[in-house]
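The values are calculated or read from the model by the stated rules, or taken from the named source; none is laboratory data. Computed from a prediction, not measured in an experiment: that's the story for all the values here. Backbone-built Cβ (ideal geometry, glycine too); neighbour counts: all protein chains shown.
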Amino acid sequence: MSNTTTDNNEVLFQKLGETWYVFTEVENDFIYSPLPTGMDPKTTKLELFEIIEEHMGKVADHYNTTEKVA
């Protein structure tokens, strides 16, 4: 079961080496994830940001699930 939220989270994009990362805060936890190879937030169309938001939500859900199990 996954929860879907309509809240907008602010994100930070940072390039480390050749990889872009996206950072955000979800429920007072900071999470991050690498963007797919070749994706550049400076040239990516805005529609793709919805996919990034969904991805970060899944990362947060996974983080919260694994932390509760440990």
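Taking segment 10-54 as the search range and keeping residues that are over 10 Å from the mean Cα position of the chain (by Cα) and aliphatic (A, V, I, L, M), which one is surrounded by the fewest Cβ atoms within 10 Å (Cβ to Cβ)?
It comes out as L46.
Scanning for something modelled with pLDDT of 75 or more, surrounded by 14 or more Cβ atoms within 10 Å (Cβ to Cβ) and part of a helix (DSSP H, G or I), does segment 61-70 turn up at least one residue?
Yes.
Of a type outside the set (V, I, T), at pLDDT below 80 and not in a helix (DSSP H, G or I) - does that describe any residue in segment 37-49?
Looking through segment 37-49, at least one residue is of a type outside the set (V, I, T), at pLDDT below 80 and not in a helix (DSSP H, G or I).
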